[in-house]
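The values are calculated or read from the model by the stated rules, or taken from the named source; none is laboratory data. Since the structure is predicted, the reported quantities are computational estimates derived from the model, not experimental observations. All Cβ positions, even for glycine, are placed from backbone atoms using ideal geometry, and neighbour counts span all protein chains on display.
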Amino acid sequence: MIELKKILVPTDFSKGSEKAYPVAQNIADTFGGTIDFLHIVPTLKYFNESIKGLGVPLDMNKDIYPHVIDDSEKNLKKLMGQYLKDKNRGDYFVKIERKPSEAISTFAIKNDYDLVIMGAKGKDETSLMRGSVTERVIRKSKVPVFSVGDRFDMNNIKNVVMPTDTSELSLASFPLTVALADSFNAHITLFNVIELYGSISEDIPRTAGKGEMISIYEGIIERLNKFLTKRKIDNIHIQRTGVMFEDEVVITDGDDSRTLSLFTKIEKGVSAHYEIENYASEHADLVVMATHGHSGFAHLILGSTAEKVAQYVKKPVISVRPTEDDFSN
């Protein structure tokens, strides 16, 4: 199973950013991980050029940025002391970059982080959707991104929802879904939408006498077990209970094992993202989804469904980008 040993928390020191700090500590409590903080200072390129053009004896690199970096480091150190336990407290970093979202994504992949946790809204917050920096990190990051909003209650995570279009790429988020559900002692719901104008689930054979819903449900469970076997994830498997749409995830840890309840929900609708948003708003405490699925090849950054869900669903969303191995199979 996935282990979240190295966690990155980007912050712009806003109240929106604060939502991520206790969540990072909660996950670190489960996985025994280390938490690093990162603050990006946006470069003031045009302001700097204007000052030079006016002949003002002020150098941003020598007179301004060093003070900003020093103040930022003090703030990071204070926040980590306030929110994190000593055993989980890692390093703090301040970088001066032109594009904060790109800097965060690049820093996360270069330093081998397992998870990025950030507030859904920072200083650029809007009441309509996620903040622009968080949204761009979700779009660009190859490391899973956990965006935490105002309504997130880490002490009340009961249902972790994982949308799937039945494709193997969309199943790439399952190991992380299991790890988080295990961390929060929650159950998992696999959510599939049969779009009225056609969806990828049409390639699942319909079993005579079982009907469309049951055929798709059994196809999802079969594909999920094949995915786990193919990826050699041998400490997780799906155990059928004999009750339709209700199964168990068995997690093996040495000689010990434990189970999580696994439910499968299938809906019919005009569009997948609309049905996911509706279901998540009513029933999900956390949404985990792959950023590429059936529509992924038409989008270089995000599949269209994942993109819309990440932008507009008002529940915390974790995006998982499939690896190169997932695309090559």
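Cβ-Cβ distances below 8 Å connect the following pairs, each with a first residue in region 84-99 that is farther than 19 Å from residue 132 by Cβ, a second residue that is basic (Lys, Arg) and outside any strand (DSSP E or B), and a separation of six or more residues or different chains: 92/77.
Going through region 228-282 one residue at a time, which ones are of a type outside the set (A, V, I, L, M) and within 17 Å of residue 180 (Cα to Cα)?
Initial filter on region 228-282 (of a type outside the set (A, V, I, L, M)): 229-232, 234-235, 237, 239-242, 245-248, 252-259, 261, 263-265, 267-269, 271, 273-275, 277-279, 281-282.
Within region 228-282, 235, 237, 248, 252, 253, 257, 258, 259, 261, 263 qualify.
Within region 227-277, the set of residues being at positive phi and not in a strand (DSSP E or B) comprises 232, 245, 254. Scanning region 1-16 for residues that are surrounded by 17 or more Cβ atoms within 10 Å (Cβ to Cβ) and modelled with pLDDT of 90 or more yields 6, 7, 8, 9, 10, 11, 12. Considered as a group, the residues in region 76-103 that are modelled with pLDDT under 95 and part of a helix (DSSP H, G or I) include one that is surrounded by the fewest Cβ atoms within 10 Å (Cβ to Cβ), and that residue is 102.
State whether the residues of region 135-149 include one that is of a type in the set (A, V, I, L, M), modelled with pLDDT under 95, in contact with a Ser or Thr (Cβ under 7 Å, 6 or more places away or on another chain) and under 19 Å from residue 31 (Cβ atoms). Yes - at least one qualifying residue is present in region 135-149. Considering 249, 243, the condition of being at pLDDT 90 or above and either among the charged types (D, E, K, R) or under 26 Å from residue 138 (Cβ atoms) (or both) is satisfied by 249 alone. Selection of region 238-269 for residues being more than 18 Å from residue 188 (Cβ to Cβ) and in contact with a strand residue (DSSP E or B) (Cβ under 7 Å, 6 or more places away or on another chain) yields 268, 269.
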